[in-house]
Structure formats: structure tokens, C-alpha cells
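Visitor: Before we start, here is the structure in question, set down as C-alpha cells.
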Amino acid sequence: MPPREFLKRRNALWQHLRALSAEDDFSSSPEFESALRELSELIGWERGRVLAGLGLAEMELPQDRP
């Protein structure tokens with residue numbers, strides 16, 4: 001992926017995750033999990049680090065999530 005496209009996709013995923021995390025039931029949203037997984041794979045960060053970047057902690061999410 002060209003650098004410009006990488007940056008656009010990365011920024012769009014961060015923005016999308018921020019918007020989803022503002023919703024009341026975001027932690028049970030398959031859309032949130034999908035975007036989280038995609039961003040994690042794209043930037044090479046573990047799930048917990050991406051969540052921390054959103055100001056969230058693993059314990060704020062259901063335990064059955066990977």
C-alpha cells in the first residue's frame with residue numbers, strides 16, 4: 001500500500017473507532033471489533049495498545065473478546 005493510502009486508511013480507522021466508542025453499546029459491536037482488528041493489523045499494534053490509544057482499557061470491554 002502506498003504511504004499516502006496507508007495514512008488515509010489508518011486515520012480513517014482511528015476516526016471510525018473514536019466515533020464508535022462514543023456510542024453506549026460500542027463494546028458489543030461487531031463493527032467496533034472489526035475496525036479494531038483491522039487497525040491493529042494495519043499498524044502492527046496489539047489490541048491493548050490500540051485500546052489505550054482510544055483512552056480505553058481491556059477491562060472496560062467484555063472478557064470474552066479476544
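The values are calculated or read from the model by the stated rules, or taken from the named source; none is laboratory data. Because the structure is predicted, anything quoted here is derived from the model rather than measured. A quick note on method: Cβ atoms are made from the backbone with ideal geometry, for glycine too, and the neighbour counts reach across all protein chains shown.
Visitor: Cβ-Cβ distance below 8 Å, separation of 6 or more or different chains: which pairs start in region 38-66 with a residue that is at pLDDT 70 or above and end on one that is in a loop (DSSP other than H, G, I, E, B) and surrounded by 12 or more Cβ atoms within 10 Å (Cβ to Cβ)?
Guide: L39/W45; L51/L61; G53/W45
Visitor: Among the residues of region 1-44, what is the count of those that are of a type in the set (A, V, I, L, M, F, W, C) and in contact with a Pro (Cβ under 9 Å, 6 or more places away or on another chain)? Step through it out loud before you land on a result.
Guide: Of the residues in region 1-44, the ones of a type in the set (A, V, I, L, M, F, W, C) are 1, 6-7, 12-14, 17, 19-20, 22, 26, 32, 35-36, 39, 42-43.
Next, from what is left, pick out any that are in contact with a Pro (Cβ under 9 Å, 6 or more places away or on another chain): none.
Adding up the residues that qualify gives 0.
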